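Throughout, read-outs are computed from the coordinates displayed, never taken from laboratory work. Given the structure is predicted, the values throughout are model-derived calculations rather than measurements. Cβ coordinates were reconstructed from backbone atoms using ideal geometry, including for glycine residues, and neighbour counts include every protein chain displayed.
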Amino acid sequence: MTLAPPPATTEAPGAGLPPLLLPPDLRLSPEQFALVCDANPEAVLELAADGQLIAMTPTGGDTSARNSLLITRLQIWALAQGVWKVFDSSGGFRLADGSVLSPDAAVVRLERWQALSPEQRRGFPPLCPDLVIELVSASDEGPRGEAALRRKMTTYLANGARLGWLLFPEQQAVEIWRAVPDASTPEAPKRLEPATLLEDDALLPGLRLELAELWAV
């Protein structure tokens, strides 16, 4: 009698096991964080300046669609200008304070990007974007909520960002966070409500973000 072989399976080793739990007091270096990200490509993670992991929840459909449209508009502008590099929410930046954060959208002056080595570009680029944009999820009291994103805006500006736009789609409002040269703290954010247009000719010549189409998503 011939015995049939056991049915083939494509299930990956470890599939079906509970997720790995990490102790709350675990602290990682940026290098260790990069290894964790490489080993967990499906995870959405950030690293705080004190080395603590920040687990990000996936965005909802509206936020994802708005972010996609936002990136498209930024890319069209950047390609026309020829001196800017645009990054989406999957890109992490290693900031001077040791944190690794991923804005929903980021813009970097091309000359700053080109000054990095190929190895630095492949990993988490060791720089803070010139412009950072975050979209608030109204239903999220965690890392995508307004309190957490305001803290992130403070971190971005403390690490070299020149401008931050914090978008509140549910309220059709924007907070403009701006760095002040030679100041130890940024100026208080300016809130636009209702907000219809975002521009800053001094830093981002030619960029005009019509917000009605973002709010309508």
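Of note:
- Think of the chain as having a plus end and a minus end, set by charges on the Cβ of Lys, Arg, Asp and Glu; of Val100, Val86, Pro169, Val86 sits farthest toward the positive end of this dipole.
- Shape call, the chain: gyration tensor on alpha carbons, a/c limit 1.5: prolate
- Under the span-like rule (Cα at least 20 Å along the axis, Kyte-Doolittle mean at least -1.0), DSSP H helices of the chain: 61-81
- Shown is the FRET efficiency for Leu110 and Glu193, computed with R0 = 25 Å from the Cβ-Cβ distance and rounded to the nearest 0.05: 0.15.
- Long-range amide H partners of Arg94 with built H, under 5 Å: Leu127
- Within the chain, antiparallel bridges make up roughly 85 percent of the DSSP beta bridges whose residues both belong there.
- Charges were assigned to the Cβ only: +1 to each Lys and Arg, -1 to each Asp and Glu. The resulting dipole of the stretch 61-215 about its Cα centre is roughly 460 debye.
- On the beta carbon distance between Ala147 and Gln75, with R0 = 25 Å, the FRET formula returns roughly 0.25.
- Of the residues Val132, Ala216, Gln52, the one whose Cα sits farthest toward the positive end of the charge dipole of the chain, with +1 on the Cβ of Lys and Arg and -1 on the Cβ of Asp and Glu, is Val132.
- Exposure proxy ranking for Leu131, Leu197, based on other Cβ atoms within 10 angstrom of each Cβ and starting from the fewest, stands as Leu197, Leu131.
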